[in-house]
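Just so you know, all these numbers are worked out from the coordinates, no wet-lab data involved. Predicted, not measured: the structure shown is a model, and the values here were computed from it. Glycine also receives a Cβ, built like all others from the backbone with ideal geometry; neighbour counts cover every protein chain displayed.
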Ligand code: NDP
């Protein structure tokens, strides 16, 4: 028996799970709390997604829980403490989404700099016949700063080579053998960058690290691109910086409160907004679904998933 926390981002995965296991979907129960109280003790395996997460309250209602298979690479919304308390292992889907998330970072970067979404609105409004669309900033050949040079960050760096960009990065530690310039603080990286791309993990250690100071270091010619987590950016500070044009623009796939981006953002033309869709292609979502299934099968067969969240693997 498998407990699904909610419906998965790919309907075919709901069907695949239902075919392979006896599945109950918690969010579909008429009274989820009552269901947990009555049947929680029957489940050893649970499936969720990075976006839905998994709260301590649910983990604590599942006394026999052994393994969680999560759809996605972010694990900031899974309650680590509650999972570790019970020694629950956690599988996730790293690697298979790097290309599409990096593609999205570049889509947002090009859109923000060249004004593509804004120009689309301009043409549809019929403004083209009344005058010219303003000229924009060149993207190729510029300095790209990557905050979080991990799997996705290094895929962004490879794309930057095709745009003749110079790349620098900031992580907590420099990467041995990396061809890219390491800057020991985010502030220095922002000061150096024309484009600051956020691909660092979310969670407590990165909460609001992109602050007013970092945005001011990026400066009035600089663009911020965030495909990681909304929590990494102080969104109120970003709104002010965009309103006062203390940075040139931004491209955002993620927000502090999803699906409710700050209303002030909706009124601004110097920001491109996407509804957390960076991994949302048929190919990538299928590959993520396959890894969710594979992790579950592997755990059941061997006691270890194929891809395990680092703090889970360390226990
Ligand atoms: P990785 O773990 O490979 O990379 C994360 C990077 O962040 C590492 O280089 C790490 O370096 C750095 N980092 C983490 N914490 C800090 C910190 N406090 N200060 C500085 N650097 C830090 O993860 P992925 O590349 O696979 O994924 C990155 C994130 O992208 C995910 O955590 C997820 O939240 C987000 N994501 C968003 C998607 C979307 O749809 N928009 C889709 C998929 C992922 P170090 O440990 O050396 O500091």
Based on the alpha-carbon gyration tensor of the stretch 125-230, what equivalent-ellipsoid semi-axes (square roots of 5 times the eigenvalues) come out, in whole Å, largest first?
28, 17, 13
Rg/Rh (Cα only; Kirkwood hydrodynamic radius) as it applies to the chain:
1.02
What angle do you read, to the nearest 10 degrees and between 0 and 90, between the alpha-carbon axis of helix 11-20 and the longest principal axis of the chain?
20
Kindly rank 137-149, 297-309 from highest to lowest mean number of other beta carbons found within 10 Å of each residue.
137-149, 297-309
Under a 10 Å cutoff between Cα atoms, tell me which one of 111, 204, 234 has the largest fluctuation in the Gaussian network model of the chain.
204
In degrees, nearest ten, helix 282-302 long axis to first principal axis of the chain (Cα)
30
Tell me the Kirkwood radius of the stretch 75-136: reciprocal of the mean inverse pair distance over distinct alpha-carbon atoms, in Å.
15.8
Please work out, to two decimal places, the log10 of the ratio I(q)/I(0) at q = 0.11, 0.21, 0.23 Å⁻¹ from a Debye calculation in which every Cα of the stretch 222-298 carries one identical scatterer.
-0.37, -0.88, -1.00
Does a label point 7 Å from the Cα of residue 29, set along Cα-to-beta-carbon, have any residues of the stretch 65-99 with amide nitrogen under 14 Å, and which are they?
65
At residue 133 and residue 314, where each label point lies 7 Å from the Cα along Cα→Cβ, what is the point-to-point distance in nanometres?
4.8
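Which whole-number percent gives the relative contact order of the chain, counting Cα pairs below 8 Å spaced six or more residues apart?
Values: 592 pairs, mean separation 54.8, N = 315.
This gives 17 percent for the chain.
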Angle, helix 98-114 long axis vs. longest principal axis of the chain, Cα atoms, 0 to 90°, nearest 10?
30
Normalised contact order of the stretch 176-315, rounded percent, pairs of Cα under 8 Å and 6 or more residues apart:
17
Rounded to two decimals, what is the ratio between the C-alpha radius of gyration of the stretch 33-90 and 2.2 N^0.38 Å?
1.03
Anyone know which of 135, 152, 277 comes out most mobile in the 10 Å Cα GNM of the chain?
135
With a bin width of 5 angstrom, please list the P(r) values of the stretch 1-43 as percents of all Cα-Cα pairs, from the 0 bin to the one holding the largest distance.
5, 23, 33, 22, 13, 4
Ignoring everything except DSSP H segments at least 4 long, calculate the 222 nm mean residue ellipticity for the chain; use -39,500 (n - 2.57) per segment, divide by total residues, nearest 500.
-10500 deg cm²/dmol
Which value in Å does the Kirkwood hydrodynamic radius of the stretch 44-149 take, with 1/r averaged over all unlike C-alpha pairs and then inverted?
17.6
With no solvent and one equal point scatterer per Cα, compute the Debye intensity ratio I(q)/I(0) for the stretch 94-180 at 0.18 Å⁻¹ and report its log10, rounded to two decimals.
-0.82
The Cα extents of the stretch 223-265 along the principal axes, largest first and rounded to whole Å, are 24, 19, 13
Between residue 1 and residue 125, what is the label-point separation in nm under the 7 Å Cα-to-beta-carbon projection?
5.8
